[in-house]
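**Q** I'd like to ask some things about the structure below.
The values are calculated or read from the model by the stated rules, or taken from the named source; none is laboratory data. Keep in mind that what you see is a predicted model, and the values were worked out from it rather than measured. As a convention, Cβ positions derive from the backbone with ideal geometry for all residues, glycine included, and neighbour counts pool all protein chains shown. The accessibility values were calculated without ligands, DNA or RNA, using every heavy atom of the protein model including side chains. Shrake-Rupley method; radii C 1.70, N 1.55, O 1.52, S 1.80 Å.
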Amino acid sequence: MYLMEKYFDDIRECVNDYSINVESLQSNISADYLYTFAISEEKKLLLALLLSTTDEEIEKNTKELVHFTIENDVSYLFLYSELITIVRRLIGNLAEKQECDNIHEINRFFTDHEDRITDLYMKKFLNQLTLKNELRLSHIALMPDKKFMVHYESHIRWILNLIVYIQRNELDDSYPELNPNHCEFGQWMHSASTSYLLTTAHFKIIEKLHINLHGLAANVINYCKSKTFRPATLIHLMQKIDYYSLEIGNEIAFLNEIEESAKDPLTHLLTRRLFNKIILNKLDISKATGREFALMMCDLDHFKVINDTYGHAVGDVVLKHFSSLLEQTLRKSDYIFRFGGEEFMVLLPVTNSEEALVLAQKVCDAAAMSEVEIDNVSIHYTVSIGTLTVLAGTGVVINQETVDRYITQVDEKLYLAKERGRNRVE
């Protein structure tokens with residue numbers, strides 16, 4: 001350390017002249033809020049560390065520098081680049097003066113500082129990353145209706161498991177799922193119930209972010225197991241993972257808004273507006289795979305009588321009751337839409353005509369056997385259902401005109417059920 005004191009003036013000059021220097025133009029805002037202030041303070045703390053002369057000073061100033069940079073979101077790469085810039089300038093200046101006798105000692109001086117900063121930064125960064133993700137979980141837990149955020153919740157837990165694996169440093173195979181299609185979040189993304197979101201730009205962004213995030217995680221695991229382990233690389237990978245995770249959260253929030261607007265406010269079923277997007281997607285799949293799907297159109301019988309007799313508020317209760325009956329009777333992979341008034345459309349993926357008739361009859365029977373209790377009054381209702389099997393052959397043009405033709409055909413089947421006495425399936 002006594003050797004390095006002779007270079008303190010040179011170090012001070014390099015820090016002041018060559019490290020990144022920024023100034024705020026916002027004089028009326030508290031310095032505590034400004035990133036420019038944080039950069040200026042980081043520079044002072046770094047200089048104080050490099051000019052330390054005792055082990056106690058070095059330990060204290062290293063802790064202060066690392067704590068400040070993490071608390072003020074100064075990235076490790078920024079701090080690392082500052083340190084590298086200073087040592088390069090210092091060695092360059094000494095080389096120009098032909099004072100190269102102690103180059104190796106100077107290099108060792110900066111390498112030791114880099115190692116101390118990096119080790120401490122990684123520990124504190126992982127702790128802070130854990131707290132940030134636990135805070136995100138607590139915020140989601142307080143949401144009255146999580147919707148898609150419940151899947152983001154599983155993704156956050158996946159990241160927390162990754163952090164624990166790094167901190168344990170046991171190099172075993174207990175790390176979280178690395179395949180983006182097999183983790184809980186990935187399984188949700190590729191489930192049949194989310195296929196209607198495939199046409200949204202936000203969903204595509206999430207998919208790309210999620211694949212990249214898992215790719216980074218695989219690199220983290222491989223790096224943890226490697227013999228050339230250096231915390232600096234691990235910090236960079238985990239900071240990028242945190243960035244991707246936050247971006248996924250932002251996009252999920254947008255999807256929540258899309259989902260909210262796509263749901264019927266009374267029944268919380270999908271709306272007719274979304275039906276066109278989903279059926280076009282299913283037609284594409286049918287044309288590519290040769291697999292059929294089915295449509296099922298339902299209409300409550302004599303619903304006007306219920307409204308006229310008991311009022312529209314009671315009619316709304318009946319609509320909600322039938323909506324719940326559809327969700328309970330049908331499969332999780334089926335799409336249920338409120339098509340308008342007392343009319344409902346169901347899209348049944350990978351379903352042939354026989355299977356569609358069986359499902360429709362189950363709905364018809366369940367409605368006929370149910371009752372709605374309101375103010376000690378029991379209301380019974382029935383439903384008529386039309387079914388249609390769709391197979392998009394190679395010659396089918398997939399456009400809105402084709403969709404409208406299928407809607408007309410299944411509507412005609414529904415009308416036939418009405419004509420033949422209602423409370424039946426055609």
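**Q** Determine whether residue 221 is surrounded by fewer than 17 Cβ atoms within 10 Å (Cβ to Cβ), among the β-branched types (Val, Ile, Thr), closer than 21 Å to residue 162 by Cα and at pLDDT 90 or above.
**A** It is false that residue 221 is surrounded by fewer than 17 Cβ atoms within 10 Å (Cβ to Cβ), among the β-branched types (Val, Ile, Thr), closer than 21 Å to residue 162 by Cα and at pLDDT 90 or above.
**Q** Also, quick follow-up: Step by step: first the residues of the stretch 81-125, then only those that are among the β-branched types (Val, Ile, Thr) and over 34 Å from the mean Cα position of the chain (by Cα), then the one that is surrounded by the most Cβ atoms within 10 Å (Cβ to Cβ). Which residue is that?
**A** That would be 86.
**Q** Which one of 346, 396 is modelled with pLDDT under 90, open to solvent by less than 70 Å² (accessible area, probe 1.4 Å), out of contact with any His (no Cβ under 9 Å at 6 or more places or on another chain) and closer than 26 Å to residue 277 by Cα?
**A** Within the list 346, 396, the selection yields 396.
**Q** Right, another one. Please go through the stretch 409-426 and give me each residue that is among the basic types (Lys, Arg), under 13 Å from residue 383 (Cα atoms) and in a helix (DSSP H, G or I), ordered by number.
**A** 418 - this is the single residue of the stretch 409-426 that is among the basic types (Lys, Arg), under 13 Å from residue 383 (Cα atoms) and in a helix (DSSP H, G or I).
Residue-by-condition table, conditions (1) modelled with pLDDT of 90 or more; (2) in contact with a helix residue (DSSP H, G or I) (Cβ under 9 Å, 6 or more places away or on another chain); (3) among the hydrophobic types (A, V, I, L, M, F, W, C); (4) not in a loop (DSSP other than H, G, I, E, B):
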residue	(1), (2), (3), (4)
118	yes, yes, no, yes
123	yes, yes, no, yes
131	yes, no, yes, yes
143	no, yes, yes, no
151	no, yes, no, yes
157	yes, yes, no, yes
162	yes, yes, yes, yes
166	yes, yes, yes, yes
176	yes, yes, no, no
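**Q** For the stretch 143-156, give me each residue that is farther than 25 Å from residue 71 by Cβ and either open to solvent by 70 Å² or more (accessible area, probe 1.4 Å) or touching a residue at least 24 places away in the same chain (Cβ under 8 Å) (or both).
**A** The answer is 144, 145, 147, 148, 149, 151, 152, 154, 155.
Residues checked against (1) open to solvent by 30 Å² or more (accessible area, probe 1.4 Å); (2) of a type outside the set (A, V, I, L, M); (3) without any contact (Cβ under 8 Å) to a residue 12 or more places away in the chain:
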{"position": "371", "(1), (2), (3)": "yes, yes, yes"}
{"position": "375", "(1), (2), (3)": "yes, yes, yes"}
{"position": "381", "(1), (2), (3)": "no, yes, no"}
{"position": "391", "(1), (2), (3)": "yes, no, no"}
{"position": "406", "(1), (2), (3)": "no, yes, no"}
{"position": "409", "(1), (2), (3)": "yes, yes, no"}
{"position": "419", "(1), (2), (3)": "yes, yes, yes"}
{"position": "423", "(1), (2), (3)": "yes, yes, no"}
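**Q** Regarding the stretch 375-398, can at least one residue be identified that is in a strand (DSSP E or B), of a type in the set (A, V, I, L, M) and out of contact with any helix residue (DSSP H, G or I) (no Cβ under 7 Å at 6 or more places or on another chain)?
**A** Yes - at least one qualifying residue is present in the stretch 375-398.
**Q** Give me the pairs, please: first residue somewhere in the stretch 160-179 and surrounded by fewer than 16 Cβ atoms within 10 Å (Cβ to Cβ), second residue anywhere and charged (D, E, K, R) and in a helix (DSSP H, G or I), beta-carbon distance under 7 Å, and either six or more positions apart or on two chains.
**A** From residues that are surrounded by fewer than 16 Cβ atoms within 10 Å (Cβ to Cβ), the pairs are 171/225.
**Q** Right, residue 133: closer than 26 Å to residue 256 by Cα and either touching a residue at least 24 places away in the same chain (Cβ under 8 Å) or surrounded by fewer than 20 Cβ atoms within 10 Å (Cβ to Cβ) (or both) or not?
**A** Yes: the conditions hold for residue 133.
**Q** Restricting attention to the stretch 354-377, does a residue exist that is β-branched (Val, Ile, Thr) and in contact with a Lys or Arg (Cβ under 6 Å, 6 or more places away or on another chain)?
**A** Taking every residue of the stretch 354-377 in turn, none turns out to be β-branched (Val, Ile, Thr) and in contact with a Lys or Arg (Cβ under 6 Å, 6 or more places away or on another chain).
**Q** Could you please give the count of residues in the stretch 64-79 that are within 13 Å of residue 120 (Cα to Cα) and surrounded by fewer than 18 Cβ atoms within 10 Å (Cβ to Cβ)?
**A** Of the residues in that region, 3 qualify.
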